[in-house]
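Notes follow once the structure below has been shown.
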Amino acid sequence: MPLVSLRDVRKSYPAASKNSEPVTAVAGVDLDIDAGDVFGIIGYSGAGKSTLVRLINALEPVTSGSVLIDGVDVSKLGEKELRKLRLGIGMIFQQFNLFDSKTVFNNVAYPLRVARTPKPELQRRVAELLKFVGLADKAGNYPEQLSGGQKQRVGIARALATSPRILLADEATSALDPETTHEVLSLLKRVNEEFGVTIIVITHEMDVIQTLANKVAVMDRGRVVEQGDVFEVFSRP
Ligand code: ADP
Ligand code: ADP
């Protein structure tokens with residue numbers, strides 16, 4: 001059974017004013033993402049990629065169709081089960097979304113505090129995560145003291161804190177230069193290989209998909225226009 005399945009998923013937003021039309025952000029998408037995949041979703045700005053991410057982690061309800069995780073329809077989950085689902089899905093973002101007023105340590109510790117992790121375990125876990133991302137010596141620093149690549153590595157450590165099975169990366173390297181992008185993509189590859197985390201990579205950059213992903217879906221105006229192994233999709237004429 002796929003880890004994540006989308007079945008004819010649609011999402012429309014109501015018209016913003018009397019003079020505008022409703023927006024169909026996702027217009028009938030079918031996707032299957034297997035455990036262990038690095039699954040790329042590529043498309044131009046406005047194609048519906050970010051909306052799809054918010055539907056997968058159930059931050060927003062679908063208009064129609066279904067999102068299944070482990071075969072369970074997320075729209076059928078209660079608040080408590082949704083919280084559990086979201087603990088199992090880490091997210092990283094283009095603008096990193098770190099807490100500027102918290103140290104690196106406390107950024108990474110944040111999800112563990114929310115999950116009421118006992119202090120000794122929390123400290124051990126944060127130390128381990130910072131070591132993994134190569135920032136053990138930056139625990140006491142604030143985000144503004146870090147480079148973009150370092151900030152994203154903090155973002156990755158924070159996203160992994162609760163040992164999620166799925167990591168959603170939404171344009172996670174779009175604010176980084178090519179060299180730093182390469183560094184962050186290598187780290188994500190290790191997250192997939194060493195921890196078996198399934199990674200869903202949203203991007204408008206072909207290079208990111210070719211470096212990292214094994215499967216890809218190409219989105220255009222709310223639809224998936226191609227889907228399959230990266231090698232096959234990109235070698236089609
Ligand atoms: P992408 O991530 O591929 O750039 P989005 O999912 O952000 O695409 O957007 C797809 C379409 O849905 C766009 O036309 C966008 O303006 C619209 N859209 C996204 N979110 C909302 C929202 N909350 N309200 C209204 N329209 C939205
Ligand atoms: P509190 O619960 O009051 O935050 P902690 O002992 O958890 O107390 O943390 C105190 C501060 O020390 C935190 O703000 C954190 O930044 C820092 N800190 C705690 N443990 C570590 C650690 N292993 N490495 C680096 N900094 C740490």
When segment 111-127 is examined, which residues are found to be part of a helix (DSSP H, G or I), surrounded by 14 or more Cβ atoms within 10 Å (Cβ to Cβ) and of a type outside the set (D, E, K, R)?
P111, L112, L122, Q123, V126, A127
Tally time: how many residues in segment 66-93 are surrounded by fewer than 17 Cβ atoms within 10 Å (Cβ to Cβ) and β-branched (V, I, T)?
1
Inter-residue pairs, beta-carbon under 9 Å, first at positive phi and in segment 165-179, second within 16 Å of ligand 2 (Cβ to nearest atom) and assigned to a strand (DSSP E or B), 6+ apart
none
Residue in segment 23-30 that is free of Cβ contacts under 8 Å to residues at least 24 places away in the same chain, more than 8 Å from ligand 1 (Cβ to nearest atom) and over 20 Å from L68 (Cβ atoms) present
no
When you look at L130, is it of a type in the set (A, V, I, L, M, F, W, C) and not in a helix (DSSP H, G or I), yes or no?
no
One residue from V108, V154 being assigned to a helix (DSSP H, G or I), within 11 Å of ligand 2 (Cβ to nearest atom), of a type in the set (A, V, I, L, M) and in contact (Cβ under 8 Å) with a residue 40 or more places away in the chain
V108
Anything in segment 6-57 that is surrounded by fewer than 19 Cβ atoms within 10 Å (Cβ to Cβ) and of a type in the set (G, A, S)? List them, or say none.
S12, A15, A16, S17, S20, A27, G28, A35, G36, S45, G46, S50
What about R124, is it basic (K, R), more than 14 Å from the chain's Cα centre (by Cα) and closer than 22 Å to T103 by Cα?
yes
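Considering only residues of segment 169-215 that are assigned to a helix (DSSP H, G or I) and among the hydroxyl-bearing types (S, T, Y), which is farthest from ligand 2 (Cβ to nearest atom)? Write out each step before concluding.
In the first step, residues of segment 169-215 are kept if they are assigned to a helix (DSSP H, G or I); the result is 178-195, 206-212.
From what is left, the residues that are among the hydroxyl-bearing types (S, T, Y) are 180-181, 186, 211.
Working: T180: 24, T181: 28, S186: 25, T211: 32 Å.
Per the criteria, the residue is T211.
Bear in mind that the values in this text are calculations on the coordinates, not laboratory data. Keep in mind it's a predicted model, so treat the numbers as computed, not measured. Positions of Cβ are generated from backbone atoms using ideal geometry, with glycine treated the same way; all protein chains shown enter the neighbour counts.
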